[in-house]
């Protein structure tokens, strides 16, 4: 299902529910298009989980654009929005915010080549201690096609801007990256798994929690010789990245 088809379904239902608008004694007919749009968005947002991650991002952006467009249509129609319209607009905005917080917004390094993870300042954001945040430690070597940071149940303005040109994608689950090494210290593979799953025997987790259950966690101190920061462990060729969870984007 696409965002267009999902929204169209709820637009049809909203039109039906507003069939009496414009009749004598009922709400002013000028609010009909806006009221239908607001109600459709509020309902459609509850079903974003049925869309692919790419469609979810598009849907969240387009929903906000649609609300702004309908408000602009009404700018000169009313000195103050009628109560039903004002409530519908607030419900639509609330539904967008709740939908955004329901996904694990994940930044994936796209390449080419390894990324030396930068230090992302002001993360977690100080606005609240809601939800969870996890990022790779600065100077960790990330491989193309794997997560480097995620947040869930909150807003993270700095991470939302992206890292190294990569934007966040709304996934269903938080993820962990495990790097396995052979007896010589060479990295042999990276495995991407659900954050609650164990890693391969002897593998090292690369994504570190920074906010968990309302607690802000200190960044652990590691030696400059920590293997995931050592480029020599990836030479002469970087290991493969294998996903043990489904990908839908």
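The values are calculated or read from the model by the stated rules, or taken from the named source; none is laboratory data. Just so you know, these numbers come straight off a predicted model, no measurement behind them. In this analysis, Cβ positions are derived from the backbone assuming ideal geometry, glycine residues included, and neighbour counts consider all displayed protein chains.
Does any residue of the range 103-114 turn out to be in a loop (DSSP other than H, G, I, E, B), surrounded by 22 or more Cβ atoms within 10 Å (Cβ to Cβ), at pLDDT 95 or above and within 10 Å of the chain's Cα centre (by Cα)? Talk me through it step by step, then tell me what you get.
Pass one, the range 103-114, residues in a loop (DSSP other than H, G, I, E, B): 103, 110-114.
So of that shortlist, the ones also surrounded by 22 or more Cβ atoms within 10 Å (Cβ to Cβ) come out as 103.
Among the residues that remain, those that are also at pLDDT 95 or above are: 103.
Among the residues that remain, those that are also within 10 Å of the chain's Cα centre (by Cα) are: 103.
Within the range 103-114, one or more residues are in a loop (DSSP other than H, G, I, E, B), surrounded by 22 or more Cβ atoms within 10 Å (Cβ to Cβ), at pLDDT 95 or above and within 10 Å of the chain's Cα centre (by Cα).
Give all pairs with beta carbons closer than 7 Å in which a residue from the range 43-66 that is within 12 Å of residue 7 (Cβ to Cβ) meets a residue that is not in a helix (DSSP H, G or I); count only pairs at least 6 apart in sequence or on separate chains.
Going by the 7 Å Cβ cut-off, the qualifying pairs are 51/1; 55/2; 59/51.
Which one of 88, 97, 149, 168 is outside the structural domain of residue 206 (by TED's automatic domain parsing) and buried (at least 20 other Cβ atoms within 10 Å of the Cβ)?
On the way: 97 fails: buried (at least 20 other Cβ atoms within 10 Å of the Cβ); 149 fails: outside the structural domain of residue 206 (by TED's automatic domain parsing); 168 fails: outside the structural domain of residue 206 (by TED's automatic domain parsing).
Exactly one of 88, 97, 149, 168 is outside the structural domain of residue 206 (by TED's automatic domain parsing) and buried (at least 20 other Cβ atoms within 10 Å of the Cβ), namely 88.
Can we say residue 236 is modelled with pLDDT under 95, touching a strand residue (DSSP E or B) at 6+ places or on another chain (Cβ under 7 Å), assigned by TED's automatic domain parsing to the domain that holds residue 122 and part of a loop (DSSP other than H, G, I, E, B)?
Numbers: modelled with pLDDT under 95: yes; touching a strand residue (DSSP E or B) at 6+ places or on another chain (Cβ under 7 Å): no; assigned by TED's automatic domain parsing to the domain that holds residue 122: yes; part of a loop (DSSP other than H, G, I, E, B): yes.
No: the conditions fail for residue 236.
In a loop (DSSP other than H, G, I, E, B), at pLDDT 95 or above and within 30 Å of residue 2 (Cα to Cα): is that true of residue 247 in this structure? Walk me through how you get there before you give the answer.
Numbers: in a loop (DSSP other than H, G, I, E, B): yes; at pLDDT 95 or above: no; within 30 Å of residue 2 (Cα to Cα): yes.
In short, no.
Can you go through 134, 127, 121 and tell me which one is in contact with a helix residue (DSSP H, G or I) (Cβ under 8 Å, 6 or more places away or on another chain) and not assigned by TED's automatic domain parsing to the domain that holds residue 64?
Details: 134 fails: in contact with a helix residue (DSSP H, G or I) (Cβ under 8 Å, 6 or more places away or on another chain); 127 fails: in contact with a helix residue (DSSP H, G or I) (Cβ under 8 Å, 6 or more places away or on another chain).
Unique residue meeting the criteria: 121.
Looking at 179, 191, can you tell me which residue is surrounded by 14 or more Cβ atoms within 10 Å (Cβ to Cβ), modelled with pLDDT of 95 or more, assigned by TED's automatic domain parsing to the domain that holds residue 131 and farther than 15 Å from residue 141 by Cβ?
Unique residue meeting the criteria: 191.
Give the residues of the range 128-143 that are more than 18 Å from residue 102 (Cα to Cα) and not in a strand (DSSP E or B), sorted by residue number.
Going through the range 128-143, the residues more than 18 Å from residue 102 (Cα to Cα) turn out to be 135-143.
Once the filter is applied, which keeps residues that are more than 18 Å from residue 102 (Cα to Cα) and not in a strand (DSSP E or B), the range 128-143 yields 137, 138, 139, 140, 143.
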